[in-house]
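Every number in this text was worked out from the coordinates using simple rules, so none of it is lab data. Just so it is clear, the model here is predicted, and its values are computed rather than measured. When we count neighbours, we look across all protein chains shown, and the Cβ atoms used for this are built from the backbone with ideal geometry, even at glycine.
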Amino acid sequence: MHPNLTKVLLASVVFVGALMGVSIDVSAQQALKTGGVLSGELRAMRNRDAKGKRVNTFQLVTEPRRLPEPSGLCNLETGPETFQIVTSNDADANRLKAFIGKQVSIKADEVSCAELAGQMSDAIVSKWSLVTSH
C-alpha cells in the first residue's frame, strides 16, 4: 500500500471515530516502566492506619498511565490517574509536606494497583524518590 494512502486511511478512521464520539486515549498507552517518572500535583489526605492512628497520606495526581504487567490498567478504562505515595518514615513525610499543592516529579521504583478496601488512590507507589520539584 502506498505510504500516503496509509496516512489518508488512518486520518479518515480517526476523523470518523471523532464524529461517532469515540475517543482514542493515547496517554493511557504510555506505560510506566520500573524507575519511570510520574509528574503531577501532590495532595495530602488524613487517614487512619490499622491501629486507628491518624496519619498523613500523600497522593500524586497525573495523566492516566498503564502500569508494568501484570497490573496494566488496574481494571480502569484509561489506567490509574491517582497514585498514593507511601512514606516509610517521618523524614520521607516531612520532605513531601513542603510540596503539598505543588507540581512534583517522583521516580517510581515499585508500583502496583490499589486492591484493599478504603484505599483512596488508583495505584500505590511503595518505593520512590523525589526527582524534582517545580
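Here the simple spin-label model places points 7 Å from the Cα toward Cβ, and for residue 105 and residue 76 these points are separated by 2.2 nm.
Based on every Cα atom in segment 27-133, Rg and the maximum pairwise Cα distance Dmax equal 13.1, 39 Å. Here residue 34 and residue 97 are evaluated by their C-beta separation; at R0 = 25 Å the FRET efficiency comes out at 0.40.
Put simply, when 70-80, 44-54 are sorted by average Cβ atoms within 10 angstrom per residue, most first, you get 70-80, 44-54.
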